[in-house]
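What follows is one structure encoded as structure tokens, with my remarks underneath.
The values are calculated or read from the model by the stated rules, or taken from the named source; none is laboratory data. These numbers come from a predicted model, not from an experiment. Note that we place each Cβ from the backbone using ideal geometry, even for glycine, and neighbour counts take in every protein chain shown. Accessible surface areas use protein heavy atoms only, side chains included; no ligands, DNA or RNA. Shrake-Rupley method; radii C 1.70, N 1.55, O 1.52, S 1.80 Å.
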Amino acid sequence: MTNNPFTSHTYESIWTKHFSNDSKIRSFDAIKGLKFVRDNRFPFYVNAGKNQTNGMTYQLDGSANDFKNKTVLIHDVLSYLQEEQDLKNSRIKVKTIPQYKGLYANLSEVKSIDEVLVSCFSSKSRSRFRGRIRQIEANFDISQEVYFGEIDKDDYLKKMDVLKSFIVSRFEQRNEHNSVVPLWEFYVDLIYPLILEKKVVFNVINDGDTPIAMSINFVYDDMVAIAIRSFDISHYKYNIGNLEIYKLIEWCIDNGISILDFSKGKADYKDRWSDTLYAFECHVIYDSKSLISILTANSISSFYRTKQNLRDKNINLWYTRVKFKFKKLLGK
């Protein structure tokens, strides 16, 4: 993947500013396309960006000689884009651990939004959905703004404040913890330059001059990955979130996007609008001739397999709800 926004200089420099420092970033000739930081506690490296990305890919050079005794962890590898590596005669090996399930919509053969509706909705559901769009357009002054390559900085900051308020209200309504809001300063720094570089599509649905639904979507060549989205909960009964997705899909079709990736996490709208299931994976790359590297790789793999087993049993949902309630009790 030649244009992954999460391996761009802009992303790496801003992520480093917030979570690491330049002196700790390094690369390996053995692993093309990624940079790494050393773990603070254990003897391995992790991809720059860690799990704050929406998908990574890489290439291995099994003949490189700068990976002796090394171990690295790569988060969020996209199973449908990652190429198999030929490592038959190499000391470099890979352990693959499936993590979150992902969903995407294949738009490569789609000519219009109507084709998407036919594939995603039954005849009755299509009629109901179109009726809901007519209802929204009759009750509100609906318009769409798509920021891709250009946005006024002050306007951007105002819209990001509104989006944050949407997210906070929505997750309080659901009594759930949100992992994006604690990192909001990072995202505010990051998204603006990536919009200008056409690595982010910022989709905004307005009622008059007021945003009522928004999404931040990362662009990889002809693929778009939905990352952060929310809406004004006062418009909840109008199904405004699905209208935002509908408008985003229209934009993708008009702009030659082949895949709209709904990324990780469970949500009804993802099941509704997608047609392909895949896996986010952790990849552990290690030196098979080094005992320390083998032991480290086995330990990392066991940890993430256990974590996924707990996730499969929905223990993570219970934990995040308890965490949310505990924070509310503390007034945080």
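Pairs LYS17/LYS159; LYS32/LYS199; LYS70/LYS266; LYS50/LYS159; LYS124/LYS158: which are spaced more than 29 Å apart, C-alpha to C-alpha? All intermediate terms of the calculation are to be shown ahead of the outcome.
On the way: LYS17/LYS159 23 Å; LYS32/LYS199 20 Å; LYS70/LYS266 35 Å; LYS50/LYS159 27 Å; LYS124/LYS158 39 Å.
Going by Cα-Cα distance, LYS70/LYS266; LYS124/LYS158 fall outside the 29 Å limit.
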HN-Hα couplings for region 111-119 via Karplus (6.51, -1.76, 1.60; θ = phi - 60°), in whole Hz with x for Gly/Pro, come out as 9, 8, 5, 4, 5, 5, 4, 4, 7
Once phi for every residue in region 24-41 is put through the Karplus expression 6.51 cos²θ - 1.76 cosθ + 1.60 (θ = phi - 60°), the whole-Hz ³J(HN,Hα) values, with Gly and Pro written as x, are 8, 7, 8, 10, 10, 4, 6, 10, 8, x, 10, 10, 9, 10, 7, 4, 6, 10
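Using Cα pairs closer than 8 Å and at least 6 residues apart in sequence, work out the relative contact order for the chain, in percent.
Values: 548 pairs, mean separation 90.5, N = 332.
Relative contact order of the chain: 27 percent.
Rounded to the nearest 20 Debye, what is the dipole magnitude of the chain about its Cα centre when Lys and Arg each give +1 and Asp and Glu each give -1 at the C-beta? Kindly include the intermediate steps, with their values, before the conclusion.
Working: 48 positive and 41 negative charges, 393 e Å.
The dipole of the chain has a size of about 1880 debye.
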Of the candidates VAL168, HIS235, TYR220, the farthest towards the positive dipole end of the chain (Lys/Arg Cβ +1, Asp/Glu Cβ -1, centred on the Cα centre) is VAL168
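Among rounded, prolate and oblate, which fits region 83-189 when a ≥ b ≥ c are the square roots of the eigenvalues of its C-alpha gyration tensor, a/c under 1.5 means rounded, and a/b larger than b/c means prolate?
Working: a/c = 1.99, a/b = 1.30, b/c = 1.53.
Taking the square roots of the gyration eigenvalues as a ≥ b ≥ c, region 83-189 is oblate.
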Most fluctuating of ASN89, ASN139, ASN242 in the GNM of the chain (C-alpha, under 10 Å) is ASN89
Ignoring ligands and nucleic acids, ASP287 exposes an accessible area, probe 1.4 Å, in Å² to the nearest 10, of 0
At q = 0.12, 0.14 1/Å the base-10 log of I(q)/I(0) from the Debye formula over the alpha-carbon atoms of the chain is -0.93, -1.23
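Using only Cα atoms, figure out Rg for region 213-270 and give it as a multiple of 2.2 N^0.38 Å. Can you show the working numbers first?
Working: Rg = 11.7 Å, N = 58, 2.2 N^0.38 = 10.3 Å.
Dividing the Cα Rg of region 213-270 by 2.2 N^0.38 Å gives 1.14.
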Long-range share for region 1-44, i.e. C-alpha pairs more than 16 Å apart as a percent of all pairs, stands at 42
For region 235-297, the dipole about the Cα centre with charges only on Cβ (Lys and Arg +1, Asp and Glu -1), to the nearest 20 debye, works out at 220
Given unit charges at Cβ for Lys, Arg (+) and Asp, Glu (-), the dipole magnitude of region 174-299 about its Cα centre in debye, nearest 20, is 340
Sorting SER123, GLY33, ILE74 by the position of each Cα along the dipole of the chain (Lys, Arg +1; Asp, Glu -1; all at Cβ), the one nearest the positive end of that ordering is ILE74
